[in-house]
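The values are calculated or read from the model by the stated rules, or taken from the named source; none is laboratory data. Computed from a predicted structure; not experimentally measured. Virtual Cβ from ideal backbone geometry, glycine too; neighbours counted across all protein chains shown. With ligands, DNA and RNA removed, areas are computed over all heavy atoms of the protein, side chains included. Shrake-Rupley method; radii C 1.70, N 1.55, O 1.52, S 1.80 Å.
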Amino acid sequence: KQWYQRRVAITAGIQWGGDYFFIYAWGFTFAFTLAIFFIYMDFIAPLFDKYIPVPESPLRTAIENLAKSINFPLTKLYVVDGSKRSAHSNAFFYGFYKNKRIVLFDTLLDDTCNPLLGLDEDGKKKEFPSEEEEDKKGIKVTFKQKKGCTQEEVVAVLGHELGHWYHGHVWKPMILNQFIILGMFYLFGILVKNKQMLADFGFVDEQPTLIALLVIFQYIFSPINRVFSALSVFITRCFEFQADRFAVGLGHGAKLQDSLVKLVTDNLSFPLADKMYSTFTFSHPPILERLAAIREEMEKKKEK
């Protein structure tokens, strides 16, 4: 029943839009995207995770100094309790114009720079997960496995993230994607009225909109999407290398290397990948490629 209702709604929308259907469809998509950008972090994300303001501390001072050095309009600094769901480490920024916020995953911080989130819900010091190994005599020995980055490494990671802001890596792909979406809707508007296309699939005397949708999206848009997806990944990889160079330019190259090694270890990421495959598949280059590029950039900086 739900599928039938959706089919009727889609068909009615296409017929109602007429020749300008692609504009209405793109306008709705654009408005929905903007709405998500405005409301997700402030109203939706807090429903699932706890965002704690970072108190006055050496870590907060170091991050604020980094932001001031490149005129990043930092207004709020949070740490999110991502450790309750996974051990994945991350940091990101969000916000429009001069209302930027930075969010750090608690898994990104080690116990040497964590001013608040080294405490559990009862206010007690969190213990790092322990592992067991056998010594030479075959006796199991338990040791604590420390995870996370030091303050200097966290600042280096943020130097990379703010490189995305400095070079416009957020709004550039957003604008490109809107042009792609508009073009796809325009092409769809043309193809959905193509009688010959449906006649080739055996529908000579009728033009069922649902069949046209299946044909266009499965047989025409599918290869086009593959091309755009590969192009998007390639552009994103270029952005990652550019953000790394930005962090090196700020003087955080060595610490960025250290942090990347720790993040790959903590996140259990595999460091090796085929170069051709990763170029058009991995949005983030493998760590060995990034480390080599960072070393090359550091050498260039020394020569200047």
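Please count how many residues of the stretch 189-199 are in a helix (DSSP H, G or I) and either in contact (Cβ under 8 Å) with a residue 12 or more places away in the chain or over 17 Å from Phe221 (Cβ atoms) (or both). Break it down stepwise before answering.
If we filter the stretch 189-199 for residues that are in a helix (DSSP H, G or I), which is where we start, we get 189-191, 195-199.
From what's left, either in contact (Cβ under 8 Å) with a residue 12 or more places away in the chain or over 17 Å from Phe221 (Cβ atoms) (or both): 189, 191, 195-199.
Looking only at that region, the number is 7.
Taking the stated definitions as given, is Glu133 among the acidic types (Asp, Glu), modelled with pLDDT under 90 and part of a loop (DSSP other than H, G, I, E, B)? Spell out how you get there, then give the answer.
Working: among the acidic types (Asp, Glu): yes; modelled with pLDDT under 90: yes; part of a loop (DSSP other than H, G, I, E, B): no.
Spelling it out, it is not the case that Glu133 is among the acidic types (Asp, Glu), modelled with pLDDT under 90 and part of a loop (DSSP other than H, G, I, E, B).
Going through Phe239, Phe228, Phe234 one at a time, which residue ends up being closer than 23 Å to Phe72 by Cα, out of contact with any Cys (no Cβ under 7 Å at 6 or more places or on another chain) and modelled with pLDDT of 85 or more? I'd like the intermediate steps shown before the answer.
Numbers: Phe228 fails: closer than 23 Å to Phe72 by Cα; Phe234 fails: closer than 23 Å to Phe72 by Cα.
Among Phe239, Phe228, Phe234, only Phe239 is closer than 23 Å to Phe72 by Cα, out of contact with any Cys (no Cβ under 7 Å at 6 or more places or on another chain) and modelled with pLDDT of 85 or more.
Would you be able to say whether some residue in the stretch 46-64 is part of a loop (DSSP other than H, G, I, E, B), in contact with a helix residue (DSSP H, G or I) (Cβ under 6 Å, 6 or more places away or on another chain) and on the phi < 0 side of the Ramachandran plot? Steps first, please.
Kept after step one, since they are part of a loop (DSSP other than H, G, I, E, B), are these residues of the stretch 46-64: 48-50, 54-57.
Keeping just the survivors that are in contact with a helix residue (DSSP H, G or I) (Cβ under 6 Å, 6 or more places away or on another chain) gives 54.
Going one step further and asking which of them are on the phi < 0 side of the Ramachandran plot, we end up with 54.
Yes, the stretch 46-64 has at least one match.
Residues checked against (1) under 18 Å from the mean Cα position of the chain (by Cα); (2) under 19 Å from Arg237 (Cβ atoms); (3) in a loop (DSSP other than H, G, I, E, B):
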{"residue": "Leu260", "(1), (2), (3)": "yes, yes, no"}
{"residue": "Val264", "(1), (2), (3)": "yes, yes, no"}
{"residue": "Pro271", "(1), (2), (3)": "no, yes, yes"}
{"residue": "Phe282", "(1), (2), (3)": "yes, yes, yes"}
{"residue": "Pro285", "(1), (2), (3)": "yes, yes, yes"}
{"residue": "Leu291", "(1), (2), (3)": "no, yes, no"}
{"residue": "Ile294", "(1), (2), (3)": "no, yes, no"}
{"residue": "Glu297", "(1), (2), (3)": "no, yes, no"}
{"residue": "Lys302", "(1), (2), (3)": "no, no, no"}
- line: Every listed condition ((1) more than 20 Å from the chain's Cα centre (by Cα); (2) modelled with pLDDT under 85; (3) within 20 Å of Leu104 (Cα to Cα)) holds for Lys255 save (2)
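Do you know which residues across the stretch 167-183 are closer than 20 Å to Asp19 by Cα and either open to solvent by 80 Å² or more (accessible area, probe 1.4 Å) or without any contact (Cβ under 8 Å) to a residue 60 or more places away in the chain (or both)? Quick ask: steps written out before the conclusion?
If we filter the stretch 167-183 for residues that are closer than 20 Å to Asp19 by Cα, which is where we start, we get 178-183.
If the condition is that a residue be closer than 20 Å to Asp19 by Cα and either open to solvent by 80 Å² or more (accessible area, probe 1.4 Å) or without any contact (Cβ under 8 Å) to a residue 60 or more places away in the chain (or both), then Phe179, Ile180, Gly183 are the ones that fit.
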- request: Tell me which residues, restricted to the stretch 34-85, are open to solvent by 70 Å² or more (accessible area, probe 1.4 Å), in contact (Cβ under 8 Å) with a residue 60 or more places away in the chain and within 19 Å of Asp106 (Cβ to Cβ).
  value: Pro58
query: Within the stretch 220-231, can one find any residue that is in contact (Cβ under 8 Å) with a residue 60 or more places away in the chain, under 19 Å from the mean Cα position of the chain (by Cα) and open to solvent by less than 60 Å² (accessible area, probe 1.4 Å)?
result: no
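In the set Phe105, Phe128, Phe143, Phe179, which member is at pLDDT 80 or above, touching a strand residue (DSSP E or B) at 6+ places or on another chain (Cβ under 7 Å) and of a type outside the set (S, T, N, Q)?
Numbers: Phe128 fails: at pLDDT 80 or above; Phe143 fails: at pLDDT 80 or above; Phe179 fails: touching a strand residue (DSSP E or B) at 6+ places or on another chain (Cβ under 7 Å).
It is Phe105.
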Subset of the stretch 247-304 that is of a type in the set (Ser, Thr, Tyr) and open to solvent by 30 Å² or more (accessible area, probe 1.4 Å) - its residue that is nearest to Tyr166 (Cα to Cα): Ser283
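For the structure I just gave you, tell me whether Tyr186 is modelled with pLDDT of 90 or more, open to solvent by 70 Å² or more (accessible area, probe 1.4 Å) and not β-branched (Val, Ile, Thr).
Judged against the criteria, Tyr186 is not a match.
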query: In this structure, does His169 turn out to be at pLDDT 90 or above and assigned to a loop (DSSP other than H, G, I, E, B)?
result: yes
